[in-house]
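Participant: Here you go, one structure.
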Amino acid sequence: MNFKRLKITQIRSSIGILPKHKLTLLALGLKKIGSFKNLDNNLSISGMIKKISYMLKIEEL
């Protein structure tokens, strides 16, 4: 299978958000505002992105 790559950037602070959302951020590898990761777009990643989409900026590579 050939998945598209995504650049995921954190644009909002994790202070004051739900604990599950904080854990989702850490699972994606994001720790600070402005940090980014290039990840494959598979079902697990897209589910995590959907859960915390209000905190992220997503670009296709």
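Participant: Tell me which residues, restricted to the range 38-52, are part of a strand (DSSP E or B) and closer than 14 Å to residue 27 by Cβ.
Facilitator: Hit for the range 38-52 is 39, nothing else.
Participant: Quickly run through the range 14-61 and pick out the residues that are farther than 20 Å from residue 4 by Cα and open to solvent by 70 Å² or more (accessible area, probe 1.4 Å).
Facilitator: Across the range 14-61, the qualifying residues are 15, 16, 18, 19, 20, 22, 23, 26, 31, 32, 33, 54.
The values are calculated or read from the model by the stated rules, or taken from the named source; none is laboratory data. Just so we're clear, the structure is a prediction, and the values are computed from it rather than from any experiment. Cβ: placed from backbone, ideal geometry, glycine included. Neighbour counts: every protein chain shown. Side chains included, ligands, DNA and RNA excluded: accessible areas come from the protein's heavy atoms. Shrake-Rupley method; radii C 1.70, N 1.55, O 1.52, S 1.80 Å.
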